[in-house]
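Chemist: Sending over a structure as structure tokens; questions will come in a sec.
The values are calculated or read from the model by the stated rules, or taken from the named source; none is laboratory data. Just so we're clear, the structure is a prediction, and the values are computed from it rather than from any experiment. Heads up, the Cβs are rebuilt from the backbone with ideal geometry, glycines too, and the neighbour counts pull from every protein chain shown. Note: accessible area is taken over every heavy atom of the protein model, side chains too, but ligands, DNA and RNA are not part of it. Shrake-Rupley method; radii C 1.70, N 1.55, O 1.52, S 1.80 Å.
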Amino acid sequence: AKTATTEKICLFEEFMQVEFDDRKALENDLRLAVERGEFELLYQAQVDVMSLDLRGLEALARWNHPTRGQITPNIFIPLAEEMGLITELGQQILTIACTEAASWKRPLKIAVNLSPLQLQAPDFVQSVVSVLDKTGLPPTRLELEVTETVLLDDRDGVVEILNELRALGLTIAMDDFGTGYSSLAILRDIPFDTIKLDKSFVRDIAENPKAASLVKLVVDVGTSLSKTVIIEGVETKAQHESIRAIGGLLSQGFLFARPVKAAKLNFLHEADHHF
Ligand code: C2E
Ligand code: CA
Ligand code: CA
Ligand code: CA
């Protein structure tokens, strides 16, 4: 099975082959887009699998290109990383997410994705503090999602930064859990609060008892370590029923909700409205 990263790279290369002549143009456009702020966030629900209560929202970035239309993050995030623009773009995304979330009538938790390169910036923790100050979002409402790739270089440095972030009151999620090399060791060594089990583990959960056992294993380990476990990529009722049988966790996926603009989520703007 392909990992999320190789999937991403394949998608990127495919895109680049088709549009190779356009690459310079796309780079220029991305530079301008970061200057102009052409990015918006869609939000996808995270629900309790037993009650179906809404428990949080993940922010997913989109680039609204003036002529090419909406561009997926699988294209522009790697490009921004390559071009050295990700720190600034990441800061814009975090600012939009915290500004929007601070205005919601329901104090839901918001999860924001980080590029590993953002964590490497020497003033990253300070930049998070300043966004929280500026927007007034209580730190307890923010979750930052990182992947195991943050651990490839300076593990001790990363652990220290994650601890500083958690000391602010926010939480850290390990995204795409299970797709990296060091899954079990990171449970012991890396300070984080939430496990987001990669969608590849869910695909055949309803048909394959081994797949279900593996998900149950992660849920049990996570729970015993007092972590929140979120199952990603739930698309069918059968998958949902298998996950319910395991119990005690959160799910995210097209079955419950697609990522949508905050403006479409009425319950965020009206008091006393239930999901
Ligand atoms: P991710 O963080 O793993 O986000 C989940 C992706 O799975 C999203 O794709 C979401 O739309 C999609 N998804 C949600 N439910 C389902 C489902 O039931 N089935 C399937 N097949 N897919 C589902 P999206 O929005 O295209 O984002 C792709 C990736 O781009 C994200 O993967 C994340 O790695 C990255 N990304 C998105 N926004 C940001 C951002 O603001 N900053 C950074 N650094 N990366 C971002
Ligand atoms: Ca991913
Ligand atoms: Ca994520
Ligand atoms: Ca993920």
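Chemist: I'd like the residue in the range 55-76 that is in contact (Cβ under 8 Å) with a residue 12 or more places away in the chain, open to solvent by less than 50 Å² (accessible area, probe 1.4 Å) and away from ligand 2 (no atom under 16 Å from the Cβ) and, out of all such residues, is nearest to Asp22 (Cα to Cα).
Modeler: My answer is His65.
Chemist: Across the range 151-178, what is the total count of residues that are in contact with a Phe, Trp or Tyr (Cβ under 7 Å, 6 or more places away or on another chain), under 16 Å from Ile231 (Cβ atoms) and either open to solvent by 30 Å² or more (accessible area, probe 1.4 Å) or of a type in the set (D, E, K, R) (or both)?
Modeler: Step one: filter the range 151-178 for residues in contact with a Phe, Trp or Tyr (Cβ under 7 Å, 6 or more places away or on another chain), giving 161-162, 172-174, 178.
Subset that is under 16 Å from Ile231 (Cβ atoms): 173-174, 178.
Keeping just the survivors that are either open to solvent by 30 Å² or more (accessible area, probe 1.4 Å) or of a type in the set (D, E, K, R) (or both) gives none.
Count: 0.
Chemist: Checking the structure you have, find out if any residue of the range 253-270 is within 21 Å of Ala59 (Cβ to Cβ), within 16 Å of ligand 3 (Cβ to nearest atom) and open to solvent by less than 20 Å² (accessible area, probe 1.4 Å).
Modeler: yes
Chemist: Further question on the same structure: Would you pick out the residues in the range 212-230 that are within 15 Å of Arg244 (Cβ to Cβ) and in contact with a Phe, Trp or Tyr (Cβ under 8 Å, 6 or more places away or on another chain)?
Modeler: Result: Val215, single match.
Chemist: Please determine, by comparing only the residues of the range 179-219 that are closer than 26 Å to Ala167 by Cα and open to solvent by 50 Å² or more (accessible area, probe 1.4 Å), which one is nearest to ligand 1 (Cβ to nearest atom).
Modeler: In this case the residue turns out to be Leu184.
Chemist: Please determine whether any residue of the range 95-105 is of a type in the set (A, V, I, L, M) and within 13 Å of ligand 1 (Cβ to nearest atom). Reasoning before the result, please.
Modeler: Residues of the range 95-105 of a type in the set (A, V, I, L, M): 96-97, 101-102.
Adding the requirement that they be within 13 Å of ligand 1 (Cβ to nearest atom) leaves 96-97.
Checking the range 95-105: at least one residue is of a type in the set (A, V, I, L, M) and within 13 Å of ligand 1 (Cβ to nearest atom).
Chemist: Give the residues of the range 225-241 that are away from ligand 2 (no atom under 16 Å from the Cβ), open to solvent by 30 Å² or more (accessible area, probe 1.4 Å), under 18 Å from Glu207 (Cα atoms) and of a type outside the set (Lys, Arg), sorted by residue number.
Modeler: Those that are away from ligand 2 (no atom under 16 Å from the Cβ), open to solvent by 30 Å² or more (accessible area, probe 1.4 Å), under 18 Å from Glu207 (Cα atoms) and of a type outside the set (Lys, Arg): Thr236, Ala238, Glu241.
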